[in-house]
Amino acid sequence: MIPSKPLAHWRSGDPEQAHSFPSRYYYDAGVFQREVEAIFYPAWHFAGHRSEVSEPGDFIKVDVLDQSVLVVCGEDGVARAFHNVCQHRGTRLVEERRGRIEHVIRCPYHAWAYRLDGRLRRAPRSDSVRGFDPGGVSLAPVRIEEVSSFLFVNLDPEATPFREDVGASAPLMARCFPDLPDMELVEELDYEVAANWKVVAENAIEGYHFSLSGPVHKDLAGLIRFDDYRLTPHGKWWTYMGPTEPGQSQAYGREIGDAKYQTDWFVNVGFWPHTTLYTFPFTDFVGSFNQFPLGPEKTLLRFAYYRPQRPESEVTKECMRWMSYDLGPEDIDLNERQQRGLRSFGYDSGRLFVDSERGNNSEHLVHHFQSLVAEALRAHQPSLEEVGGA
Ligand code: FES
Ligand SMILES: [Fe+2]
């Protein structure tokens, strides 16, 4: 008989002695549901750059599992966030990811019309309904915060302000990405990955696979001075960054020449639980990288690119293409292979390779991330023995 895999203990403990999460954490529907409640409903979610909602009526829609949030710029130029639902009989208001609303947000069912600040302006036939006060109806607000020119929303009215969690990253962001306040969206791409969201997240936060996996990764590893690549946890945010090898004349198959770029470093700044903002050496764009879970073994991986308001160099253009169609897919292939392996009866958990130097190949950020997941699950459900403490 094949034994079912236990939902074994995982203890944060000493990172240098640690094992990875038991494999069931990556496909079990019960664990996923706990993560939804403990991590995703209360999390700060990336919406977009503030420039995307800078004119009255500009909107972005952010879906988090079965919840949907509308971020819309008011007539006063202020970006507000609302639950994307009509207050009459609960119809979803907007289905597009982004666009511009003319004057009012109109429900497609009975045409209730909301002002851009969320207040109900008009409900057809409301005169004939006794005691109905349109002035007392508004879209349900959602919290919104701007961090380093990007907008984040949170469904939990009691969540810790995002600035308290990740605000300390702002000076680094400003130094590495000086043009961030004036950037604009170039492109956004969504990939559906057949893997748990943690598989995708953990792949991004370790350099161990860089020079050991596919050919595109090896190209990247050749560009950066990998000995000086460092991965650093700061509580609910983290960085992994390093300088380039000196004397580079080409990157991503293009001449660097006099191309403009914000930094010649490879810079990644991660925010708990699922946002990364980054740039590649010699490029002038900032990328965002988000894992929105769709199910225990399905993740929406959303790439977006933002650029300063000046013409793109060939290096920048090629790097965005290379990220979307070369490097990204190489990682996605690894993610999906790992996910298939995690279901094997022949595997449960393996040793994390964390070295005492916390060097470029060390998996200490994976351990840090798993500790944050375990802590969130335990805080949400203190009786949860299987995700025990230190
Ligand atoms: S459900 Fe929106 S107007 Fe009726
Ligand atoms: Fe990778």
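Kindly check whether there is at least one residue in the range 312-322 that is in a helix (DSSP H, G or I), of a type in the set (D, E, K, R), in contact with a helix residue (DSSP H, G or I) (Cβ under 8 Å, 6 or more places away or on another chain) and crowded, with 18+ Cβ neighbours inside 10 Å. Show your work before the answer.
Pass one, the range 312-322, residues in a helix (DSSP H, G or I): 314-322.
Cutting the leftovers down to of a type in the set (D, E, K, R) gives us 314, 317-318, 321.
Within this subset, residues satisfying the condition of being in contact with a helix residue (DSSP H, G or I) (Cβ under 8 Å, 6 or more places away or on another chain) are none.
There is no residue in the range 312-322 that is in a helix (DSSP H, G or I), of a type in the set (D, E, K, R), in contact with a helix residue (DSSP H, G or I) (Cβ under 8 Å, 6 or more places away or on another chain) and crowded, with 18+ Cβ neighbours inside 10 Å.
Looking only at residues that are within 15 Å of ASP58 (Cβ to Cβ) and either of a type in the set (Ser, Thr, Tyr) or not in a strand (DSSP E or B) (or both) in the range 96-117, which one is nearest to ligand 2 (Cβ to nearest atom)?
So, considering only residues that are within 15 Å of ASP58 (Cβ to Cβ) and either of a type in the set (Ser, Thr, Tyr) or not in a strand (DSSP E or B) (or both), the one nearest to ligand 2 (Cβ to nearest atom) is ARG97.
Go through (1) closer than 29 Å to GLY13 by Cα; (2) outside any helix (DSSP H, G or I) and name the single condition TYR306 misses.
Unmet for TYR306, out of (1) closer than 29 Å to GLY13 by Cα; (2) outside any helix (DSSP H, G or I): (1).
Can you name every residue in the range 74-86 that is surrounded by 19 or more Cβ atoms within 10 Å (Cβ to Cβ) and assigned to a loop (DSSP other than H, G, I, E, B)?
ASN84, CYS86 - these are the residues of the range 74-86 that are surrounded by 19 or more Cβ atoms within 10 Å (Cβ to Cβ) and assigned to a loop (DSSP other than H, G, I, E, B).
Name the one entry in LEU172, LEU180, LEU223, LEU231 that is within 16 Å of ligand 2 (Cβ to nearest atom) and farther than 23 Å from THR299 by Cβ.
Of LEU172, LEU180, LEU223, LEU231, the one residue that is within 16 Å of ligand 2 (Cβ to nearest atom) and farther than 23 Å from THR299 by Cβ is LEU223.
Can you tell me which residue among PHE162, PHE226 is in contact with a strand residue (DSSP E or B) (Cβ under 7 Å, 6 or more places away or on another chain) and not assigned by TED's automatic domain parsing to the domain that holds GLU357? Give the steps one after another, and end with the answer.
Working: PHE226 fails: not assigned by TED's automatic domain parsing to the domain that holds GLU357.
On inspection, the qualifying residue turns out to be PHE162.
Collect the residues in the range 18-57 that are under 30 Å from VAL147 (Cα atoms), part of a helix (DSSP H, G or I) and out of contact with any Lys or Arg (no Cβ under 9 Å at 6 or more places or on another chain), keeping them in residue-number order.
Residues satisfying the conditions are PHE32, GLN33, ARG34, VAL36, GLU37, ILE39, PHE40, ARG50, SER51.
Have a look at ARG100, ARG163 and point out the one that is within 18 Å of the chain's Cα centre (by Cα), among the charged types (D, E, K, R), under 30 Å from THR279 (Cα atoms) and more than 16 Å from ligand 1 (Cβ to nearest atom). Lay out the reasoning, then the answer.
Values: ARG100 fails: within 18 Å of the chain's Cα centre (by Cα).
None of the other options fit; the residue is ARG163.
Of the conditions (1) surrounded by fewer than 16 Cβ atoms within 10 Å (Cβ to Cβ); (2) at pLDDT 95 or above, VAL147 satisfies every one except a single condition; which number is it?
Failing condition for VAL147: (1).
The values are calculated or read from the model by the stated rules, or taken from the named source; none is laboratory data. Computed from a prediction, not measured in an experiment: that's the story for all the values here. Note: ideal-geometry Cβ built from the backbone for every residue, glycine included; neighbour counts use all protein chains shown.
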